[in-house]
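Visitor: Structure in structure tokens, see below.
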Amino acid sequence: MSLHRQPELKEAVLALSQKEKDKLLVRLIGKDKMLLKQLHYELLEDQADLEERIANLKEALTHLYQWRGTSIKNLPLYTNYKELNSLLRSGSGMISEHERITKDRYSVVECRLMLIQEAFQRYPNLFAPSAIATAIKLHKYTKGRVKNIVTLYEKLHEDLQFDLRDEFEDVLDFAAQHALDQP
């Protein structure tokens, strides 16, 4: 149910006393974990906290490859495709949460490049053409991530683009060589 479709409810909420509204607001915020994280970031954190968040995210992504990446081999087998796809989705989820909380485009592009570039460097054989269904699924997902990176990168200021240009071009070159840049 949406509040804009319930004008009577909206009027009733606005008519509440400030104290009642505050109580209601605090209760509602407590029910939405993402909203709670966003408000904490916006109201209580500063630039130093953002830098710490970015460092923690990069460390978590590195740890993800160290912890889960050890079970993935650079051999075109069903389980390797499946595990790498799962790893990429986990890392992408971490980055998406960071993006929803901080709305910091630069760190999002930087971390997405880091995640994909690491996969390309560690497991190049898993991105070669294959008829295995899990390989096709991995390739399709990776194409979507590369397309997302290109879109986000193009929205950055040219000075910020310059800082990420080498990594960006490496990812695009690998994607082009392995037909991951085509729709």
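Visitor: Which residues, counting only those in the stretch 10-62, are closer than 23 Å to Ile101 by Cβ, open to solvent by less than 60 Å² (accessible area, probe 1.4 Å) and not in a helix (DSSP H, G or I)?
Guide: The one that is closer than 23 Å to Ile101 by Cβ, open to solvent by less than 60 Å² (accessible area, probe 1.4 Å) and not in a helix (DSSP H, G or I): Glu45.
Visitor: Kindly state which helices (runs of 4 or more DSSP H) lie completely within the stretch 101-183 and contain at least 1 residues that are touching a His at 6+ places or on another chain (Cβ under 8 Å), open to solvent by less than 90 Å² (accessible area, probe 1.4 Å) and of a type in the set (Ser, Thr, Tyr).
Guide: Filter on the stretch 101-183 gives 105-122.
Visitor: Which residues, taken from the stretch 8-27, are of a type outside the set (A, V, I, L, M, F, W, C) and under 36 Å from the mean Cα position of the chain (by Cα)?
Guide: Lys10, Lys21, Asp22, Lys23, Arg27
Visitor: Looking at (1) more than 19 Å from Lys58 (Cα to Cα); (2) basic (Lys, Arg); (3) touching a residue at least 12 places away in the same chain (Cβ under 8 Å), which is the one condition that is false for Lys140?
Guide: Tallying (1) more than 19 Å from Lys58 (Cα to Cα); (2) basic (Lys, Arg); (3) touching a residue at least 12 places away in the same chain (Cβ under 8 Å), Lys140 fails exactly one: (3).
Visitor: So, in the stretch 62-93, exactly how many residues are of a type in the set (Phe, Trp, Tyr) and closer than 21 Å to Ser130 by Cβ?
Guide: The total comes to 2.
Visitor: Do we find that His4 is open to solvent by 70 Å² or more (accessible area, probe 1.4 Å), part of a helix (DSSP H, G or I) and either closer than 24 Å to Ser92 by Cα or touching a Cys at 6+ places or on another chain (Cβ under 8 Å) (or both) in this structure?
Guide: No; evaluated as a whole, the condition is false for this residue.
Visitor: Looking only at the stretch 63-85, count how many residues are open to solvent by less than 50 Å² (accessible area, probe 1.4 Å) and in a helix (DSSP H, G or I).
Guide: So the count comes out to 7.
The values are calculated or read from the model by the stated rules, or taken from the named source; none is laboratory data. Here the structure is a predicted model, which is why all the values come from computation and not from measurement. Ideal geometry is used to build each Cβ from the backbone, glycine not excepted, and the neighbour counts take in all protein chains shown. Remember, those area values only see protein heavy atoms, side chains included, never the ligands or the DNA or RNA. Shrake-Rupley method; radii C 1.70, N 1.55, O 1.52, S 1.80 Å.
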